[in-house]
Amino acid sequence: MDVVSNHLLRINGRIEIKTEKGVGTKFVIRLPLTLAIAQALIVKLKDQEMAVPMNLVEETTRFAYKDIQRAAGEEMVDLRGVLVRLLKLNEVLGVGKFPKKDETFRQPTLILGTAEKHVALMVEDIIGREEIVVKSLGDYLQGIKLFSGATISGEGNVRLILNIAPLFGDEAVVTAKASVGPAKAEQAAEEVAKKNPKVLVVDDSISIRKYVQRFLDRSGYEVEVAPDGMEALNIMGRMKFDAVITDLEMPVMHGYDLMSEMKKSPVLRNIPIIVLTSRAGEKHRQKALEMGAQDYLVKPFEEQEMLGALKKLLSGATLATRA
């Protein structure tokens, strides 16, 4: 237990041991609310180890430098007959070159993918897959877009978590400004901010519920929480909400059924829905969007990503109401 206790101390957690004679011993592990658990692929660059969230890693492979082609001014590699844009981790981070190898040496490469885009990320080495505890970088470092958080290895070393989204290039951002002009969009955003929007967070994980509630509270939202879809419907029967953030896999009533019930109700059908789930597959995304979700976020997520999604949806809802 000394090993467990030491690791918990490093992340400001603690372990409680309760023993009852003739019954047994109970171990209670308490972690900070700002922590989350995620699957990650650990990669190496020089003497540093970094974590890549598994939800965007489609496969790992190897390419030699002689396999690299140039097209449209960018480096590409041929992945089973399809040209994929190639990035090198050392160049992305601006930390020099990989150790020099023979031209025939096949460098470890991650194939990263979203619904429509793919990119190959060449790394120095792949350590393996691990379950990691995700910790926020804090207010001072949150502006560093290349990293979404940090974790601590079993040896006590800090590993930064790579933010994969920027590697796919400029993403199209749909905002109220595009459709109604800057003046109305800014006015709508101000009205939403003044209103202190009320958000319902539905997730069977108490740590996720409290984590999301905490940073949304800090950002000026009024937040209620529910452990499953059935309880969420009960709460929405008593209170009005401006948006719902829901998980998909939950006991009693899962997220798909919750969205279905909301769309049947004249009172609830127009409430914007954001799905927050660990399911990264395109079929789950498409099903959620078809059932009425306006946005789809995959765990682990960035706080700014959720805040941006909420701001966009609530501004759009305000404009629709005014129209």
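Here are the numbers for the structure shown:
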quantity	calculated
Output for segment 74-105, where each listed residue is within 14 Å of residue 162 (Cβ to Cβ), open to solvent by less than 30 Å² (accessible area, probe 1.4 Å) and touching a Lys or Arg at 6+ places or on another chain (Cβ under 8 Å)	90
Selected residue (only one of 291, 306 is in contact with a helix residue (DSSP H, G or I) (Cβ under 9 Å, 6 or more places away or on another chain), of a type outside the set (D, E, K, R) and over 22 Å from residue 149 (Cα atoms))	291
Where a residue in segment 145-158 is under 13 Å from residue 132 (Cα atoms) and open to solvent by less than 30 Å² (accessible area, probe 1.4 Å) and its partner, wherever it lies, is hydroxyl-bearing (Ser, Thr, Tyr) and in a loop (DSSP other than H, G, I, E, B), with Cβ under 6 Å and at least six apart	149/136
Some residue of segment 302-322 being more than 18 Å from residue 221 (Cβ to Cβ), open to solvent by less than 70 Å² (accessible area, probe 1.4 Å) and not in a helix (DSSP H, G or I)	no
Test set (1) of a type in the set (Phe, Trp, Tyr); (2) more than 27 Å from the chain's Cα centre (by Cα); (3) open to solvent by 30 Å² or more (accessible area, probe 1.4 Å) - residue 63 fails condition number	(3)
Residues within segment 233-257 that are assigned to a helix (DSSP H, G or I) and at pLDDT 95 or above, tallied	0
Some residue of segment 106-118 being assigned to a loop (DSSP other than H, G, I, E, B), free of Cβ contacts under 8 Å to residues at least 60 places away in the same chain and surrounded by 14 or more Cβ atoms within 10 Å (Cβ to Cβ)	yes
Residues (open to solvent by 60 Å² or more (accessible area, probe 1.4 Å) and within 21 Å of residue 310 (Cα to Cα)) located in segment 226-246	240
Verdict on residue 8 being within 29 Å of residue 209 (Cα to Cα), modelled with pLDDT under 85, open to solvent by less than 30 Å² (accessible area, probe 1.4 Å) and of a type in the set (A, V, I, L, M, F, W, C)	yes
Evaluation of residue 254 against (1) under 12 Å from residue 294 (Cβ atoms); (2) touching a Gly at 6+ places or on another chain (Cβ under 9 Å); (3) not charged (D, E, K, R) (one fails), failing number	(1)
Checklist (1) closer than 27 Å to residue 157 by Cβ; (2) surrounded by fewer than 17 Cβ atoms within 10 Å (Cβ to Cβ); (3) modelled with pLDDT under 80 applied to residue 136, failing item	(2)
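The values are calculated or read from the model by the stated rules, or taken from the named source; none is laboratory data. As the structure is a prediction and not an experimental result, all values here were calculated from the model. A quick note on method: Cβ atoms are made from the backbone with ideal geometry, for glycine too, and the neighbour counts reach across all protein chains shown. In case anyone asks, the SASA skips ligands and DNA or RNA and just uses the protein heavy atoms, side chains included. Shrake-Rupley method; radii C 1.70, N 1.55, O 1.52, S 1.80 Å.
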